[in-house]
Amino acid sequence: MPETAPVPTHLGIIMDGNGRWAKERSLPRTAGHNEGLKALKRVILAAKAEGIKVVTFYAFSTENWKRSEQEVAYLMHLIVAKLHGELAFYNRHGIRVKGRGDLSALPPAVQEAIASTEEATKGNESITAVIAINYGGRDEICRAVNRILKTNDQKTISEEEIRQNLDLPDLPDVDMIVRSANERRLSNFLLWESAYAELGFYEALWPDWGADEIQTICRDYGQRVRKFGGVE
Ligand code: IPE
Ligand code: IPE
Ligand code: MG
């Protein structure tokens, strides 16, 4: 039997291109975001089928507050609607949902939707879907350091202490970060956790993603040689 190529345990996805998808159709940007949520559902099922254990979706960055008030309000509304409205989907497919980011700065309805969805899906074991909202890699590291400083009067801080104070310390580092819409940057996503992540950039706009993209990503990942500073 041929050896099966490994799949990433933890895949990070920078969902990009919703605005361009809408523009191509002369639709408002919000229509692109709505369509993007359908892609998210296809992708999580495809990831589960491939045996990926954790997918972190970058949904709203600490920089996305710069967008128009209307777009921000729509994104917040969509997050609440899809957390509450898709609960049956998460539970049917064994999806555990977790939030990541500075959730304390989000509107109360968003905080409540994340907390109640986390609670309602905490026993699910097929795959973990992490939704990064008001998330910035630099912000996460700063918050971790500030937490340590509150309880610790040492003069030095170790990498392990920082790691333990990140938002979701029980999750493994991200093995691969992929981005849609052919943009090639991290945009402040998982900066600490991506120290040794493989990177992949794909042309399709996020609302067009589905099982094909996940299969391509798994094939690409299986061909990477991860050395972690050592030799093969
Ligand atoms: C990604 O799509 C969604 C979010 C950042 C919330 P964009 O809205 O960035 O789409 P483009 O880059 O304008 O096409
Ligand atoms: C990154 O996409 C943030 C999310 C996907 C949530 P952006 O579209 O905001 O990133 P930039 O501004 O093009 O780097
Ligand atoms: Mg974008």
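The values are calculated or read from the model by the stated rules, or taken from the named source; none is laboratory data. Given the structure is predicted, the values throughout are model-derived calculations rather than measurements. No Cβ is skipped: glycine too gets one built from the backbone with ideal geometry, and neighbour counts run over all protein chains shown. What goes into the accessible areas is simple: the full protein's heavy atoms, side chains included, and nothing from ligands, DNA or RNA. Shrake-Rupley method; radii C 1.70, N 1.55, O 1.52, S 1.80 Å.
Details
- Inter-probe distance in nm under a simple model that places probes 7 Å from Cα toward Cβ, at residue 223 and residue 185: 2.8 nm
- Taking amide hydrogens as placed 1.01 Å from N in the peptide plane, the amide H of residue 128 sits under 5 Å from those of 54, 55, 96, each at least 5 positions away in sequence or on another chain.
- The DSSP beta bridges internal to the stretch 68-214 are antiparallel in roughly 0% of cases.
- Rolling a 1.4 Å probe over the heavy atoms of the protein chains gives the chain an accessible area of 52 Å² per residue.
- Part-to-part distance (alpha-carbon centres) for the stretch 89-141 and the stretch 55-70, which is given in Å: 15 Å
- Overall form of the stretch 1-112 per C-alpha gyration tensor (a/c, 1.5; a/b vs b/c): prolate
- Here the chain exposes an accessible surface that is 51 percent carbon and sulfur, computed with a 1.4 Å probe and the other protein chains kept in place.
- For the stretch 163-228, the Kirkwood radius over C-alpha pairs fed into Stokes-Einstein at 37 °C and 0.692 mPa s yields D = 248 µm² per second.
- Shape of the chain, Cα gyration tensor, a/c cut at 1.5: rounded
- Neighbours of residue 149 by Cβ distance under 12 Å: Lys/Arg scored +1, Asp/Glu scored -1, total +2.
- A simple rule links phi to the HN-Hα coupling: the Karplus curve 6.51 cos²θ - 1.76 cosθ + 1.60 with θ = phi - 60°, which for the stretch 124-131 gives 6, 10, 6, 7, 9, 9, 9, 10 Hz, with x for Gly and Pro.
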